[in-house]
């Protein structure tokens, strides 16, 4: 939450403790949630397409439904949480996101598949605002590091999601998703053990809320949302269309390359979170997006080992700002922390879904190569926008 310049110097002298158990619980839950949503859903498009005989646009619609239900609901759940906390949504959201995706393994038609995908997306939408706010409250004075740990859990889930295809589902088929049901049940005790602490901290925070002098910065929020949208289009475009773009590779090999991209992004997220506490959110954001631009431009023109190295550096740079944008959004919306988290994470997810359908239509009309031509300029556009973000010299003190 933002303090005034006068009160900031007093707050800076007091080091607020970092609650490790809570932060790592939120990060672990984030891993489980994103493993089955943003991690597995885009990677499963190839299998869904084969199993139900879908075209590119229909296949992309699966990602759109998943991401839209999550993104549209996240700010709504966040706004509800700011008015009346519902910490149990942290546990219930993870359970529903995993259970919804597991049931797609028994979906008898394309309509039922979209229904179960939507349930999973709603679970993810309920989970993120509560989990991100809980991370904010557990962070103490280390906002960048705390949010980095939380987001690394999600990014690691996104990275390992595609690996489920070559390691497991390629052998069992879509019906193998039903084996995720025990994981959904196990998530309940894993996450519920922190609910008591969450309830107490949220009550404390609600009592202090009236004392906060900071104001919401709406123009800054609009710019940051646009940056998140462009970055998300870039990320989801690579994850969804890489298997179709690299036609000479097997599904297993292309999903391993997806793991390289998103796995490097998880490492970049952690590094970016640490450095943002030192050099500032805006500077980190600008540097990460501009440094990703040459790798994005080069990838369509490389092959072999060079393309793998480029993909690794591309993921490392473009996703290093992932946790930074969440903390930045919380700084811009100090009176609506849960809603800020929903916007930062939810808009990125929703934008990715919309972008996947647009790129799916482009693929049907002009071929998959055209998608990667578009993707190559997105980090540059986002970096230029980041220059116009408001100063982040005021730091989050609580």
For a Förster distance of 56 Å, can you work out the FRET efficiency between the beta-carbons of residue 301 and residue 193, rounded to the nearest 0.05? 0.65
Within 10 Å, count the other beta carbons around each residue, average over each peptide in 377-386, 125-134, 326-335, 46-55, and list them highest first. 125-134, 326-335, 377-386, 46-55
Sorted by packing (mean other beta-carbon atoms within 10 Å per residue), highest first, where do 31-39, 179-187 land? 31-39, 179-187
Using only alpha carbons, build the gyration tensor for the stretch 241-387 and give me the equivalent ellipsoid semi-axes, biggest first, whole Å. 28, 18, 14
When only C-alpha pairs under 8 Å and at least 6 residues apart count, what is the relative contact order of the chain, in percent? 30 percent
Taking the chain and counting helices only, DSSP H stretches of n ≥ 4 at -39,500 (n - 2.57) each over all residues, the nearest-500 ellipticity at 222 nm comes to -26000 deg cm²/dmol
Would you mind calculating the gained length between residue 216 and residue 84 on full extension (0.36 nm times residue separation, minus the Cα-Cα distance), in nm to one decimal? 45.6 nm
Quick shape check on the stretch 73-166: root eigenvalues a ≥ b ≥ c of the Cα gyration tensor, a/c under 1.5 is rounded, otherwise prolate if a/b tops b/c, else oblate, and it reads oblate
Between helix 143-164 and the chain: long-axis angle, C-alpha atoms, 0 to 90°, nearest 10: 10 degrees
Looking at the square roots a ≥ b ≥ c of the eigenvalues of the Cα gyration tensor of the stretch 60-115, which shape do they give, rounded for a/c under 1.5, prolate if a/b is larger than b/c, or oblate? oblate
Would you mind calculating the gained length between residue 370 and residue 181 on full extension (0.36 nm times residue separation, minus the Cα-Cα distance), in nm to one decimal? 64.2 nm
Largest fluctuation, 336, 258, 217 only, Gaussian network model of the chain with Cα springs under 10 angstrom, belongs to 217
Between 0 and 90°, nearest 10: helix 20-34 axis offset from the chain longest Cα axis: 30 degrees
Output row, site residue 335, 7 Å Cα→C-beta label point, backbone N cut-off 18 Å, window the stretch 218-237, residues 218-222
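Taken together, the values in this text are just the output of simple stated rules run on the coordinates, not laboratory data. Keep in mind that what you see is a predicted model, and the values were worked out from it rather than measured. We place every Cβ from the backbone using ideal geometry, glycine too, and count neighbours over all the protein chains shown.
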